[in-house]
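No lab work stands behind these numbers, since they all come straight from the coordinates. Here the structure is a predicted model, which means the values were calculated and not measured. Methodologically, a virtual Cβ is constructed for each residue, glycine included, from the backbone with ideal geometry; neighbour enumeration extends over all protein chains shown.
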Amino acid sequence: MKTIFTIARAELQTLFYSPVAWLIIIIFTFQVSMGYSTSMEGWVQYFAQGYKLNGVSMDVFANQQNGTLTNVLGYLYLYIPLLTMGLMSREFASGSIKLLYSSPVTNTQIILGKYLSMMIYALILIAILLVYVAISWWLVPDFELKAILVGVLGIYLLICAYAAIGLFMSSLTAYQVVAAMCTLAILALLNYVGSLWQDIEFVRDLTFWLSMSGRAGTFLFGLLGSEDFLYFIIVVALFLTLASIRLQAARQKSRWTASLWKYAAVVSVTMLLGYATSRPMLMGYYDATSTKANTLTPNSQKVISQLKGDLTITTYTNMLDDKNLWIALPSAVNYDLYRFKQYVRFKPETKLKYVYYYDTLNNPGLEKRYPRLTDKQRMEKIIDIYNMKEKMVRSPEEIRKEIDLSPEGNQFVRSIKRASGEQTFLRVFDDQMILPGETEITAALKRLAMHLPKVGFLRGHGERDNHKEGDRNYNRFAQDKPFRYALINQGFDVADVSLEKEVPGDVNIMVVADMKNGLSVAEKANLDKYIARGGDLLIAGEARRQHAMDELIEPLGVRFVPGMLVTPSETSLADFIVSKPTKEAGDLIYIYGQMYKAKRVVTMPTAVGLEYTTDKGFDVTPLFMSDSAAWNEMETKDFIDDTAKLNPAAGEVQKSYPTGLALSRKVGNKVQKIMVLGDADCISNGEISISRKGLPAANYSVITGAFYWMSDNEVPIDVRRPDSKDGKISLDKAGMSTTKVLLMWAFPGLLALCAIVLWIRRRGR
């Protein structure tokens with residue numbers, strides 16, 4: 001060990017005698033200072049304008065665009081080859097290697113001594129980074145110190161890996177420039193290798209593991225994973241061993257074939273270790289963020305813990321569904337697997353399979369691009385573009401024997417199946433995110449783990465249709481598969497209900513929306529039985545049809561106000577109501593609380609106001625309120641050509657009306673929950689899809705909030721995380737200017753001065 005330290009010391013003395021080592025430190029410091037100061041200055045200006053936002057720590061250091069540590073990753077690979085190119089090349093070129101060979105020093109000691117000098121130099125770079133971490137820790141209350149230190153660890157491991165590669169390349173040639181260029185080439189290869197041979201499953205796993213791209217990035221986000229940590233350790237060991245073999249061959253003048261076998265053996269062992277450490281069963285994780293941002297929320301973890309036995313997620317990719325092909329093509333499989341990594345972390349026995357097939361689906365664009373071709377011919381065109389082999393793609397007959405995907409329209413879909421046979425589907429969506437998030441994935445898993453609420457839509461009285469796609473219907477809200485917030489994608493089962501007979505016992509929530517005709521005596525009796533057993537209800541009324549639903553809500557102590565709710569406006573029709581969530585609504589249902597804090601609203605065309613009493617045994621909470629300038633218009637019918645005017649003599653009362661109510665009471669061993677809305681349009685296909693300039697509507701939240709409450713907080717899955725607390729910087733504009741000057745000029749200047757003084761003193765000696 002003493003010999004190794006002696007070699008390392010001698011190498012550092014040689015390194016710092018050259019201006020290159022000092023120049024790298026000074027340039028590195030200036031670049032880090034520039035990026036850090038720019039990021040911090042942006043936050044200081046942001047807070048100076050009165051804005052409030054948390055997450056300063058991770059943004060300053062790990063922002064994917066201009067984070068301090070992210071920037072370091074961007075230019076670090078340029079520095080290390082300059083440092084390592086002379087480690088062994090200089091010895092070969094000068095002939096001093098013969099002195100080392102003649103001394104009682106082993107090849108391993110030479111390599112480890114040289115490498116130790118690079119590790120110490122890397123610690124100097126890390127010490128510079130820690131200066132900025134310490135400044136942030138001082139300036140930012142509740143600074144995410146642990147997460148940032150994990151990121152710094154990732155930078156250090158990356159430098160060590162680069163150094164090991166550079167040392168090996170330096171041992172291959174006596175020319176330093178060649179060693180530097182070869183190091184850059186190997187680094188480029190290790191970043192590119194993850195995209196090679198992706199259509200061969202076993203090889204795909206090995207090449208993807210070998211890829212260095214993104215390895216340090218996981219550290220930057222505060223996640224310390226055993227796979228990535230061991231990757232750097234194994235890569236360092238690999239190249240140091242290769243360098244030792246190379247030195248041994250040069251020392252003993254061995255035949256190149258003998259060394260080749262040693263190289264092959266070392267690489268083989270490395271690949272086996274890499275394959276083993278990438279197995280889910282052998283992985284460990286430490287999430288250093290205060291909010292556990294890299295870990296599934298407790299609710300998701302609870303769902304996974306309920307799934308006993310094996311779980312298989314099969315991805316079915318229709319080659320004719322070219323809109324979604326990019327998600328799971330063979331070249332993208334490893335990236336797709338990463339999307340489920342957090343779930344596999346808690347259920348490592350999960351199997352992920354990929355099936356490619358072709359079958360008929362509605363794709364007008366594809367038909368237009370490839371007219372007069374059969375589905376098979378179109379498939380052949382597409383697989384040729386993506387360099388896939390036809391034997392990888394199953395025919396319609398083959399796929400139909402395995403699974404019936406026609407209810408999914410033969411579009412891209414995943415099947416999640418337990419060993420016990422339960423199965424459900426996980427879809428992609430027609431929005432900007434496209435892919436399912438934690439809410440949708442966990443909801444699908446929860447459907448397999450337990451019995452979730454079933455929603456029944458009342459039919460037979462002219463109600464809104466949950467099957468049709470028109471603007472006034474409820475297909476999107478209920479079971480539109482491409483719509484993320486549809487009930488079917490949030491864990492609910494959906495069915496039609498008729499009151500001609502008793503409501504089925506498996507229906508937990510019933511939706512009654514905009515009835516045009518009243519109930520018969522028998523139907524009313526069946527509804528009363530459902531309410532008496534504690535069944536939950538969502539009742540949505542509509543203007544000019546109050547009479548058809550009055551008998552529904554009268555026993556609840558609620559009344560639809562006669563007339564139509566109107567509000568004077570210069571930008572919209574008078575019957576267009578904008579309702580705001582109440583603070584009480586936020587206290588009752590967290591989703592409405594988010595709306596309240598974000599000042600989101602609910603748009604309600606042709607709404608009616610609600611009045612209520614509390615003498616029917618229900619606790620009543622107003623959820624949404626109209627503007628105080630609203631009144632119940634009794635006379636005006638045409639709001640386009642006529643102008644609504646307040647007329648108290650006609651029974652019109654101006655005030656703030658509730659447009660949504662939550663009612664609850666104890667029935668047996670459960671709490672019955674009923675929600676009444678004064679407008680059926682607010683949750684219709686058209687209204688939850690439309691966007692109006694300057695109006696921050698969140699009508700879909702009305703749906704998710706209502707059913708979250710009525711399902712006893714089971715679904716949609718609550719994936720909230722605690723907010724990070726680092727939302728301040730103890731620095732004003734003047735202080736930031738001073739700090740910027742000190743970091744960008746004084747700090748590098750001080751290092752440059754130290755370099756000059758030390759260099760002059762050494763030259764003098």
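So how tilted is helix 2-17 from the main axis of the chain? Cα-based, degrees 0 to 90, rounded to 10. That works out to roughly 90 degrees.
Each of 452, 106, 18 was scored by the projection of its Cα onto the charge dipole of the chain, and the greatest displacement toward the positive side belongs to 106; charges sit on the C-beta of Lys, Arg, Asp and Glu. Here residue 728 is the anchor, and the aspartates and glutamates within straight C-alpha reach of less than 14 Å, apart from those fewer than 8 places off in the same chain, are 41, 59, 142, 144. What is the helix-to-structure angle for 145-170, meaning the angle in degrees between its Cα long axis and the longest Cα principal axis of the chain, kept from 0 to 90 and rounded to the nearest 10? On a 0 to 90 degree scale, this one is about 40. Just in region 1-95: which chymotrypsin sites (Phe, Trp or Tyr not before Pro) are loop by DSSP and have at most 12 other Cβ atoms within 10 Å? When the chymotrypsin sites (Phe, Trp or Tyr not before Pro) of region 1-95 are filtered for loop state and at most 12 Cβ neighbours within 10 Å, 51 remain. Other residues lying with their Cβ under 10 Å from the Cβ of residue 157 contribute a combined charge of 0, Lys and Arg counting +1, Asp and Glu -1. Seen from a random direction on average, the alpha-carbon convex hull of region 577-647 projects onto 6.3 square nanometres. In region 606-644, which residues have a backbone nitrogen under 13 Å from the label point lying 7 Å from residue 471's Cα in the Cα-to-Cβ direction? Counting only backbone N, you get 606.
Semi-axes of the equivalent ellipsoid for region 515-710, computed as √(5λ) from the eigenvalues of its C-alpha gyration tensor and ordered from largest down, come to 27, 21, 15 Å. Working note: Karplus 6.51/-1.76/1.60 with θ = phi - 60° gives region 577-587 the couplings 9, 10, 9, 10, x, 8, 5, 5, 4, x, 5 Hz, where Gly and Pro are set to x. Fully extending the segment from residue 398 to residue 571, taken as 0.36 nm per residue of separation minus the present Cα-Cα distance, adds 56.5 nm. For residue 601, the residues 5 or more places off, or on other chains, whose built amide H falls under 5 Å of its own are 697, 698. Can you classify region 542-585 as rounded, prolate or oblate using the Cα gyration tensor, where a ≥ b ≥ c are the square roots of its eigenvalues, rounded means a/c under 1.5, and otherwise it's prolate if a/b beats b/c and oblate if not? Cα axes put region 542-585 in the oblate bin. For region 28-88, the convex hull drawn through the C-alpha positions has a volume of 74 cubic angstrom per residue. At 4 °C and 1.567 mPa s, what whole-number value in µm²/s does Stokes-Einstein give for the translational diffusion of region 457-521, with Rh from the Kirkwood sum over Cα pairs? For the chosen part, D equals 103 µm²/s. Quick one: putting +1 on the C-beta of Lys and Arg, -1 on the C-beta of Asp and Glu, what dipole do you get for the chain around its Cα centre, in Debye to the nearest 20? Charge dipole, the chain, about its Cα centre: 4360 debye, nearest 20.
Charges were assigned to the Cβ only: +1 to each Lys and Arg, -1 to each Asp and Glu. The resulting dipole of region 515-710 about its Cα centre is roughly 820 debye. The residue list 371, 305, 340 was ranked by how far each Cα lies along the charge dipole of region 298-427 toward its positive end, using unit charges on Cβ atoms, and 305 comes out on top. Going from the fewest other Cβ atoms within 10 Å to the most, the residues 457, 232 appear in the order 232, 457.
Between the C-alpha center of region 222-262 and that of region 713-765 there is a gap of 36 Å. With a threshold of 32 Å on the Cα-Cα distance, the over-threshold entries among 302/583; 308/391; 580/616 are 308/391. Our note on the geometry: Cα centres of region 362-387 and region 331-347, 29 Å apart.
Size of region 1-155: Rg and Dmax of its alpha carbons, in Å, are 19.9, 71.
Listed by chain and number, the aspartates and glutamates placed with their C-alpha closer than 12 angstrom to that of residue 670 are 536, 712; residues fewer than eight positions away on the same chain are left out. Summary value for region 55-185: 44 percent relative contact order, contacts being C-alpha pairs under 8 angstrom separated by 6+ residues. For the chain, averaging the sequence separation of C-alpha pairs within contact (under 8 Å, six or more residues apart) and dividing by the residue count gives a relative contact order of 13 percent. Phi angles of region 604-611 translate, via the Karplus equation with coefficients 6.51, -1.76, 1.60 and θ = phi - 60°, into HN-Hα couplings of 9, x, 6, 9, 10, x, 10, 10 Hz per residue; Gly and Pro are given as x.
Taking other residues whose beta carbon is less than 15 angstrom from the beta carbon of residue 91, and scoring Lys, Arg as +1 and Asp, Glu as -1, yields +4. The angle between the Cα long axis of helix 201-210 and the longest principal axis of the Cα atoms of the chain comes to about 60 degrees, rounded to the nearest 10. Each of 748, 737, 697 was scored by the projection of its Cα onto the charge dipole of region 671-765, and the greatest displacement toward the positive side belongs to 748; charges sit on the C-beta of Lys, Arg, Asp and Glu. Note on the chain: helix-only mean residue ellipticity at 222 nm, from DSSP H runs of 4+ residues weighted -39500 (n - 2.57) and normalised by residue number, equals -15000 deg cm²/dmol. Please label the shape of region 608-736 as rounded, prolate or oblate, based on the square roots a ≥ b ≥ c of the eigenvalues of the alpha-carbon gyration tensor (a/c under 1.5 means rounded; beyond that, a/b larger than b/c means prolate, else oblate). Since a/c reaches 1.5 but b/c is at least a/b, the shape of region 608-736 is classed as oblate. DSSP finds beta bridges in the chain, and of those with both partners inside it, around 60 percent are antiparallel. With equal scatterers on the alpha carbons only and no solvent term, can you work out the Debye log10 of I(q)/I(0) for the chain at 0.10 1/Å? Debye output, listed in q order: -1.13.
Along its first, second and third principal axes, ordered by size, region 298-427 spans 52, 27, 25 Å in Cα coordinates.
In region 394-530, the ratio of gyration radius to Kirkwood radius, Rg to Rh, stands at 1.03 when only Cα atoms are counted.
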